[in-house]
1. For region 150-191, run through the trypsin sites (Lys or Arg not before Pro) and keep only the ones in DSSP coil with at most 12 other Cβ atoms within 10 Å of their Cβ.
2. Run through region 104-196 and list the GluC sites (Glu not before Pro) located in a DSSP loop whose Cβ has at most 13 other Cβ atoms within 10 Å.
3. Can you pull the Rg over Rh of region 75-151, Cα-only, Kirkwood?
4. Can you give the net charge of the other residues whose Cβ lies under 14 Å from the Cβ of GLU119, counting K and R as +1 and D and E as -1?
5. Please order MET60, MET178, MET108 by the number of other Cβ within 10 Å, starting at the fewest.
6. Quick one: among THR173, THR134, THR73, which has the greatest mean-square fluctuation in a GNM of the chain with alpha-carbon springs under 10 angstrom?
7. Looking at region 7-85, which GluC sites (Glu not before Pro) are DSSP coil and have at most 10 other C-beta atoms within 10 Å of their C-beta?
8. Given LYS104/LYS124; LYS76/LYS104; LYS7/LYS116; LYS62/LYS164; LYS62/LYS116; LYS84/LYS104, which pairs have Cα atoms separated by over 24 Å?
Amino acid sequence: MFYRFAKGLFRLFFDYVCHWQVVGRENQPLEGPVVVICNHVSNWDPIALGVSLDRQVCYMAKQELFRVPVLGTLIKWLGAFPVKRGGGDRGALRAAQETLNQGKMIGMFPEGTRSKNGELLPFKPGAAVLAVRTGAPILPVALVGIKSIWYRGWFRPFKVLIGKPIPVEKPETVQSEMVNELSARAQQAVADLLQQG
């Protein structure tokens, strides 16, 4: 209920104040598990990504955010769960895998941090690992122009480009070569979208 309410408010804001554009809505899978990946350049990214997709997006969020009064409660209501940055957090990966096994959508920023100059940073393997373990397709998304959404006292337009899903078959055993290849393919898909934008 709260997620739909918040999403509706931000959609109105993006429609009438930012005049945003979403391209490729038809590419999003409407059911089943999905790993959504996106470039990361601003604090607006999780909101814009969640509002642009028809289904609820569950996020991994750095655990420090859950300790912030009010914000911690808000992001829990929005379906986020904590992850420790700087190393492999197996608990967070298990939680994400369970979320996918329930047929839900996980949103991830594989660069692991915001890009200060807007250039796409190397992807960490977590999103590819989850996709391979669950057989969930990867949905590449690119945010264009959102880094400068607030400029000289005005909100500016930005664009969300949703690519075609990358199908993933769940193997009997997960091999690092398979994960690395999928991660590279996913990064290229986001890079291609950014070039189109």
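1. Counting only loop positions with at most 12 other Cβ atoms within 10 Å, the trypsin sites (Lys or Arg not before Pro) in region 150-191 are ARG152.
2. GLU119, GLU169, GLU172
3. 0.98
4. Working: positive: ARG114, LYS116, LYS147; negative: GLU111.
That sum, taken over residues with Cβ under 14 Å, equals +2.
5. MET178, MET60, MET108
6. Maximum fluctuation in the GNM of the chain, among the listed residues, is at THR173.
7. Working: sites: GLU26, GLU31, GLU64; in loops: GLU31.
Here the sparse-neighbourhood loop sites are GLU31.
8. Working: LYS104/LYS124 22 Å; LYS76/LYS104 16 Å; LYS7/LYS116 27 Å; LYS62/LYS164 28 Å; LYS62/LYS116 18 Å; LYS84/LYS104 22 Å.
Result: LYS7/LYS116; LYS62/LYS164 exceed 24 Å.
Values in this text are rule-based calculations from the coordinates and carry no lab data. Since we're looking at a predicted model, the values are computed, not measured. With ideal geometry, Cβ positions are generated from the backbone for all residues, glycine too; neighbour counts draw on all protein chains shown.
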